[in-house]
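K.L.:
Can you read through this structure? Questions will come right after.
Values quoted throughout were computed directly from the atomic coordinates according to the rules given, and no laboratory measurement underlies them. These numbers come from a predicted model, not from an experiment. We place every Cβ from the backbone using ideal geometry, glycine too, and count neighbours over all the protein chains shown.
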Amino acid sequence: MNNRQKILKMVEIAIFIAVLFVMRLTGLSTIPIGPFVMTLTMVPIAIGAMLLGPVAGAILGCVYGFMSFYDAVTGASGMTGFFFQTSPVHTFILCVVTRTLVGFLTGVLFLVLKKIDRKRIWCYFAGGLLAPMMNTIFFMGYIVLFFYQTEFVQNLASTKGAVNPLMFVILVVGVQGLIEWATGLVIGGSVAKGVAAALKRDK
């Protein structure tokens, strides 16, 4: 990759980062649902990871993660704010590390899917689905592993009627998670496929 290509890629990553900030400032990134929020930020992260690669996906995931961690530190998010009071380190991993990993893995797995789907019929839609799905799995999985016994989660589990961690995840994710996944699948996949074709990167 020559200097011109490196600069172009940096500019493209910066554009995606700007999109993340615009979504946050306009309230388009999240939709509050009780103590949790439906996250739409995974859509641009998935698109960036598919078009620009795993490293770009990791950077975008990290940026979103720090936004989420900021909400935890300031108490803007009731749930992660409580987690931060319990364990700042685990909250950092929950907010930042898991999202960075999601962006990176979306890019890596998409490269694998492209080799399988040589005609580019479904790989972009699969990539668009992967990001929100992995975000749900990693985020909720980490909560179950390290925060399940906290008062906040136990009260929430009791309210939901969950008798075990698996049921807790299913009841909390519910329709919210399915909407996130469907949005990533349809919008993320369609946009990434269209942009890749327009920029002639669909190779």
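K.L.:
Helix check for the chain. Which DSSP H runs span at least 24 Å along their own axis by Cα, with a mean Kyte-Doolittle hydropathy no less than -1.0?
P.N.:
Qualifying helices, which must be both long enough and hydrophobic enough, are 3-26, 54-74, 98-116, 123-147, 165-183.
K.L.:
Can you give the three extents of the C-alpha atoms in the chain along their principal axes, from longest to shortest, in whole Å?
P.N.:
52, 31, 27
K.L.:
Still on this structure, I have one more. Among 164-174, 89-99, 56-66, how do they line up from the highest to the lowest mean number of other beta-carbon atoms within 10 Å?
P.N.:
Top of the packing list down: 56-66, 89-99, 164-174.
K.L.:
Cα atoms only, segment 121-194: Rg and Dmax in Å?
P.N.:
14.9, 47
K.L.:
Straight-line reach from Lys193: which aspartates and glutamates fall under 12 Å, measuring Cα to Cα and dropping same-chain residues less than 8 apart?
P.N.:
Cα-Cα hits under 12 Å: Asp202.
K.L.:
Loop only per DSSP, at most 14 neighbouring Cβ atoms within 10 Å: give me the chymotrypsin sites (Phe, Trp or Tyr not before Pro) in segment 109-146, ordered by residue number.
P.N.:
Listed in order of number, the matching sites are Trp122.
K.L.:
While we're here: Which of the peptides 7-18, 43-54 is most tightly packed, and how do the rest follow, going by the mean number of other Cβ atoms within 10 Å of each residue?
P.N.:
Highest mean packing first, the order is 43-54, 7-18.
K.L.:
Please give the calculated 222 nm ellipticity per residue for the chain, where each DSSP H segment of at least 4 residues contributes -39500 (n - 2.57) and the sum is spread over every residue; nearest 500 deg cm²/dmol?
P.N.:
Mean residue ellipticity, 222 nm, calculated: -25000 deg cm²/dmol.
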